[in-house]
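See structure below.
The values are calculated or read from the model by the stated rules, or taken from the named source; none is laboratory data. Treat the numbers as computed from the prediction; the structure is a model and nothing was measured. Every residue, glycine as well, gets a Cβ built from its backbone with ideal geometry; the counts of neighbours run over all protein chains shown.
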There are 2 protein chains.
Amino acid sequence: MSEARSSQPARLGVHFLIAQIGAHAAAKFAERLETLHLTPPQGGILGMINRKDGLSQQTLADLLGMFPSRLVLMLDELQASGLIERRTHTTDRRTYALHLTANGKKALQAIGRIARQHEEAVCAALNENERQILASLLSRIAEEQQLRPGVHPGYRRLEKRGEGQ
Amino acid sequence: MSEARSSQPARLGVHFLIAQIGAHAAAKFAERLETLHLTPPQGGILGMINRKDGLSQQTLADLLGMFPSRLVLMLDELQASGLIERRTHTTDRRTYALHLTANGKKALQAIGRIARQHEEAVCAALNENERQILASLLSRIAEEQQLRPGVHPGYRRLEKRGEGQ
DNA sequence: TATTGTTATACTCTATAACTATA
DNA sequence: TATAGTTATAGAGTATAACAATA
């Protein structure tokens with residue numbers, strides 16, 4: 001709140017606006033996904049398996065930056081829901097090869113439709129030209145901050161967890 | 001991941017970029033605050049008490065959208081650290097009036113300095129003109145989405161907690 | 001001996017509800 | 001009886017470490 005004088009609006013920093021809107025957008029997106037009985041992390045896992053078909057749990061955990069032990073439980077759920085399958089590896093019997101099922105691919109398409117609705121809602125204040133400018137500026141920040149494209153830091157383990165302010 | 005064809009970069013939506021960068025920025029800001037032995041929610045509480053000097057715990061909880069029971073423990077810590085004080089209300093002996101101590105005001109100034117450093121780091125990819133454009137676009141989204149200026153949704157209780165995707 | 005996946009445990013965070021003291 | 005603040009409890013989420021099977 002640095003710039004706050006005494007009790008007025010105060011010019012808010014970009015970092016705060018991004019954190020604020022980002023948390024809001026993530027929460028709203030989670031609400032939308034509930035209609036599919038899915039959580040955002042589950043959606044991210046489906047997307048990653050789609051992109052790297054047949055990858056192992058270890059590789060998936062590395063790509064998303066999450067602990068393998070956490071991944072096991074989430075994959076159990078997705079498997080029980082019939083969205084993914086664990087195929088036994090041909091040569092190495094320790095590892096599984098992860099794949100989307102037909103229903104998993106359908107779910108991913110449904111997530112895509114929801115994401116487009118969500119994008120429209122979040123950007124309602126801006127016209128098409130402004131949205132492109134915004135996407136361009138944000139992409140440059142994401143690149144400079146070395147964020148992995150398409151990977152949300154929410155998976156990551158960070159020393160202390162903090163949101164707010 | 002909607003727009004992902006098969007295995008390539010794919011154009012990322014604004015909503016995702018904001019959520020991704022926002023989570024990253026919030027985590028990094030939390031790291032910076034650790035040097036002051038403070039968490040982001042604590043910083044937000046200090047800022048709000050500064051803006052609404054003498055407010056009650058109930059009012060503060062309402063403003064931040066957090067449960068009063070959660071607030072009690074955080075205020076206990078801030079009081080133990082000597083950053084705030086609970087003065088007894090003159091007429092109503094049930095309520096406390098919350099104030100910053102001298103050390104609390106110093107801490108708030110230190111937070112301001114850290115926030116400016118953080119702003120510089122987050123926006124490193126952009127020049128001054130671009131930062132103003134970005135701030136303007138984000139402010140319009142925040143307003144249209146009816147986010148309270150200066151209040152991070154991280155305080156709020158939402159049905160299900162979700163990040164990721 | 002190292003690696004993949006799993007299970008078990010412990011810890012943190014926070015919502016809920018019960019409680020007290022004032023009004 | 002209603003309200004401000006507090007305390008207590010229970011539940012969710014997740015990091016850590018120990019473990020079994022395989023290489």
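Taking the conditions exactly as written (buried (at least 20 other Cβ atoms within 10 Å of the Cβ), at negative phi and part of a helix (DSSP H, G or I)), does A:LEU46 satisfy them or not?
yes
Out of the residues in segment B:88-111 that are surrounded by 12 or more Cβ atoms within 10 Å (Cβ to Cβ) and near DNA strand D (Cβ under 10 Å from one of its atoms), which is modelled with the lowest pLDDT?
The selected residue is B:HIS89.
Which of the residues spanning segment B:30-43 are buried (at least 17 other Cβ atoms within 10 Å of the Cβ) and either farther than 25 Å from B:CYS123 by Cβ or facing another protein chain (nearest Cβ under 7 Å) (or both)?
Result: B:ALA30, B:THR39, B:PRO40, B:PRO41, B:GLY43.
Being within 14 Å of DNA strand C (Cβ to nearest atom), within 14 Å of another protein chain (Cβ to nearest Cβ) and either farther than 16 Å from B:PRO149 by Cα or in contact (Cβ under 8 Å) with a residue 40 or more places away in the chain (or both) is the filter here; which residues of segment B:44-60 pass it?
Once the filter is applied, which keeps residues that are within 14 Å of DNA strand C (Cβ to nearest atom), within 14 Å of another protein chain (Cβ to nearest Cβ) and either farther than 16 Å from B:PRO149 by Cα or in contact (Cβ under 8 Å) with a residue 40 or more places away in the chain (or both), segment B:44-60 yields only B:GLY44.
Considering only segment B:8-21, I want to know if a residue exists there that is closer than 14 Å to B:TYR155 by Cα, among the hydrophobic types (A, V, I, L, M, F, W, C) and surrounded by 19 or more Cβ atoms within 10 Å (Cβ to Cβ).
No, because not a single residue in segment B:8-21 is closer than 14 Å to B:TYR155 by Cα, among the hydrophobic types (A, V, I, L, M, F, W, C) and surrounded by 19 or more Cβ atoms within 10 Å (Cβ to Cβ).
Starting from segment B:73-89, keep only residues that are of a type in the set (A, V, I, L, M, F, W, C) and in a strand (DSSP E or B), then list their pairs with residues that are more than 10 Å from DNA strand D (Cβ to nearest atom) and at pLDDT 95 or above whose Cβ atoms are within a distance under 7 Å, requiring at least 6 positions of separation or different chains.
B:ILE84/B:ILE49; B:ILE84/B:LEU78; B:ILE84/B:HIS99; B:ILE84/B:LEU100; B:ILE84/B:THR101; B:ILE84/B:GLY104
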